[in-house]
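Reviewing the structure listed below.
The values are calculated or read from the model by the stated rules, or taken from the named source; none is laboratory data. Worth saying up front: this structure is predicted, and the values here are computed from it rather than measured. Don't worry about glycine lacking a Cβ; one is built from the backbone with ideal geometry, like all the others, and counts go over all protein chains shown.
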Ligand code: URP
Ligand code: ZN
Ligand code: ZN
């Protein structure tokens, strides 16, 4: 047998194993793993370098319609380009239903936006902002059959939020259809009350965004989200968890055997509230929700990554440039309440966490792979095609350089956003080569991808029970 491509002398790390040898690839899939495999039509000598599964970024926003006149800087082309250059080979952005809109129409529009543009593979989560009986009874099952098997709901943002009754209706439908639910947990009324008081007192600079969204509002909503999930008896994942008090809620629920999963993001490991700045608009670069906290909360997140509280580490890439299409849509001196929320991070997610997590000894390499690739693939119904290095899996691979001495510079990145919040942060690791289905999309500093190469991935029913963080006990999916 002649392989299309053989990667030789790889130091292979998966979520559970580590071994040295060769990877044979045919027709975009892994055909053999072994030592001294036969020749390939092409060969790559990994030279003993670390090789991991391609990243699965299960929380990013690309070309998502907004309701405030802003426009996301990244579409499927620039977003997936930057994913490829940072070692991510599957992205799962959100087909977002606006209130009053059909969910099926929102998905059709999103397919249209992705068509012919993606450089790496992609699937869709759904965002449900209007859970009418027709949406839950007729549209959701149809979309599940088409491969959209996960849904995000919001407890905050006026144009997105659901009340508790609506959340229960959606969770019940999710249980019935075998859909996995992601929850943005912040208390909307507390935020509005605090924001009104701050703006009323003239405290409008970006840094007051953090004052309007203290840890308490996340803690309360996390607690409530867990209670609603318990009542509906359905697994849920709390997205973008920012600090200790939310972690404590999640850990307690997991300890009780509840089916609670959790995601965090690089902004809660590498940014703090201080990055929201002084009185100028510069701090708008780091306005995201929940906001970055402080060093002690960063440590609580690292602890949660290491001890199994978190199953997923995503970027929550939400790409708004600093100009009038983006962060300054309401003006460069607009109050923080009118600044679009979100920061870019698709390309820097894996290098930052490899550097400051694995190479710094905070998490081991298997935890890194589990959090950034294997677990999201399992949770969202893409495993074993994605998320591992195994015979039959797609040949989505990252060959790493792990002895670099660099800093993050936006000028080196491949997204279309005009800044990175991580400018100047130290980096020791970066993908040397990224392969998506056996094709090099990034190699030694060169983007080699092609618009339209990336395929839509219909997701199977999610497999949360197959993901057991060390925080979990017992069976996790009873629906
Ligand atoms: O601030 C954030 N996180 N923006 C993106 C949208 C979301 O809530 O995930
Ligand atoms: Zn969110
Ligand atoms: Zn998000």
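Among the candidates 213, 244, which residue alone is over 21 Å from residue 463 (Cβ atoms) and either more than 14 Å from ligand 1 (Cβ to nearest atom) or surrounded by fewer than 19 Cβ atoms within 10 Å (Cβ to Cβ) (or both)?
Going through 213, 244 in turn, the sole match is 244.
Here are some residues: 376, 458. Which one is under 18 Å from the mean Cα position of the chain (by Cα), touching a residue at least 24 places away in the same chain (Cβ under 8 Å) and assigned to a loop (DSSP other than H, G, I, E, B)?
458
So which of 296, 284 is surrounded by 24 or more Cβ atoms within 10 Å (Cβ to Cβ) and assigned to a helix (DSSP H, G or I)?
284
Examine the range 208-217 for a residue that is outside any helix (DSSP H, G or I) and either within 16 Å of ligand 2 (Cβ to nearest atom) or in contact (Cβ under 8 Å) with a residue 12 or more places away in the chain (or both), and state whether such a residue exists.
Yes, the range 208-217 has at least one match.
Only one of 21, 79 is more than 24 Å from residue 467 (Cα to Cα), within 16 Å of ligand 3 (Cβ to nearest atom) and at pLDDT 95 or above; which?
Of 21, 79, the one residue that is more than 24 Å from residue 467 (Cα to Cα), within 16 Å of ligand 3 (Cβ to nearest atom) and at pLDDT 95 or above is 79.
Anything in the range 27-40 that is touching a residue at least 24 places away in the same chain (Cβ under 8 Å) and either under 30 Å from the mean Cα position of the chain (by Cα) or surrounded by fewer than 18 Cβ atoms within 10 Å (Cβ to Cβ) (or both)? List them, or say none. If you could, list the steps in order and put the result at the bottom.
Within the range 27-40, the subset touching a residue at least 24 places away in the same chain (Cβ under 8 Å) is 27-33, 37-40.
Within the range 27-40, 27, 28, 29, 30, 31, 32, 33, 38, 39 meet the criteria.
Does residue 236 satisfy being within 16 Å of ligand 1 (Cβ to nearest atom), over 23 Å from residue 319 (Cβ atoms) and crowded, with 24+ Cβ neighbours inside 10 Å?
yes
Which one of these does residue 294 not meet: (1) within 23 Å of residue 362 (Cα to Cα); (2) within 16 Å of ligand 3 (Cβ to nearest atom)?
(2)
Within the range 171-181, count every residue that is crowded, with 22+ Cβ neighbours inside 10 Å and either outside any helix (DSSP H, G or I) or within 16 Å of ligand 2 (Cβ to nearest atom) (or both).
Selection size over the range 171-181: 3.
So which residues in the range 99-114 are farther than 21 Å from residue 171 by Cβ and touching a residue at least 60 places away in the same chain (Cβ under 8 Å)?
Hits for the range 99-114 are 111, 114.
Looking only at residues in the range 262-277 that are out of contact with any strand residue (DSSP E or B) (no Cβ under 8 Å at 6 or more places or on another chain) and assigned to a helix (DSSP H, G or I), which one is nearest to residue 219 (Cα to Cα)?
Across the range 262-277, the extreme among qualifying residues is 268.
Considering only residues of the range 122-154 that are in contact with a strand residue (DSSP E or B) (Cβ under 6 Å, 6 or more places away or on another chain) and part of a loop (DSSP other than H, G, I, E, B), which is surrounded by the most Cβ atoms within 10 Å (Cβ to Cβ)?
Here the answer is 128.
Among the residues of the range 11-19, is there at least one that is farther than 18 Å from residue 386 by Cβ and over 30 Å from the mean Cα position of the chain (by Cα)?
Taking every residue of the range 11-19 in turn, none turns out to be farther than 18 Å from residue 386 by Cβ and over 30 Å from the mean Cα position of the chain (by Cα).
Given the condition surrounded by fewer than 23 Cβ atoms within 10 Å (Cβ to Cβ), in a helix (DSSP H, G or I) and more than 20 Å from the chain's Cα centre (by Cα), answer yes or no: does some residue in the range 355-367 qualify?
yes
Testing residue 291 on (1) assigned to a loop (DSSP other than H, G, I, E, B); (2) within 16 Å of residue 339 (Cα to Cα); (3) in contact with a strand residue (DSSP E or B) (Cβ under 8 Å, 6 or more places away or on another chain), one condition comes back false. Which one is that?
With (1) assigned to a loop (DSSP other than H, G, I, E, B); (2) within 16 Å of residue 339 (Cα to Cα); (3) in contact with a strand residue (DSSP E or B) (Cβ under 8 Å, 6 or more places away or on another chain) applied to residue 291, the lone miss is (3).
Have a look at 203, 168 and point out the one that is part of a helix (DSSP H, G or I) and at pLDDT 95 or above.
On the way: 203 fails: part of a helix (DSSP H, G or I).
The match here is 168.
Suppose we keep only residues that are outside any loop (DSSP other than H, G, I, E, B), more than 16 Å from ligand 2 (Cβ to nearest atom) and in contact with a helix residue (DSSP H, G or I) (Cβ under 9 Å, 6 or more places away or on another chain) within the range 308-347. Which one would you say is farthest from residue 430 (Cα to Cα)?
Looking at residues that are outside any loop (DSSP other than H, G, I, E, B), more than 16 Å from ligand 2 (Cβ to nearest atom) and in contact with a helix residue (DSSP H, G or I) (Cβ under 9 Å, 6 or more places away or on another chain), I get 337.
Can you tell me how many residues in the range 128-174 are under 23 Å from the mean Cα position of the chain (by Cα) and more than 15 Å from residue 107 (Cβ to Cβ)?
Total meeting the criteria: 14.
Take the residues of the range 163-183 that are touching a strand residue (DSSP E or B) at 6+ places or on another chain (Cβ under 7 Å) and without any contact (Cβ under 8 Å) to a residue 60 or more places away in the chain: which is nearest to ligand 1 (Cβ to nearest atom)?
Result: 183.
Can you tell me which residue in the range 218-261 is farthest from ligand 3 (Cβ to nearest atom), limited to those that are outside any helix (DSSP H, G or I) and without any contact (Cβ under 8 Å) to a residue 60 or more places away in the chain?
Taking the range 218-261 and keeping what is outside any helix (DSSP H, G or I), we get 233-243, 256-261.
Right, trim to without any contact (Cβ under 8 Å) to a residue 60 or more places away in the chain and you get 238, 242-243, 256, 258, 260.
Values: 238: 12, 242: 12, 243: 17, 256: 27, 258: 23, 260: 19 Å.
My answer is 256.
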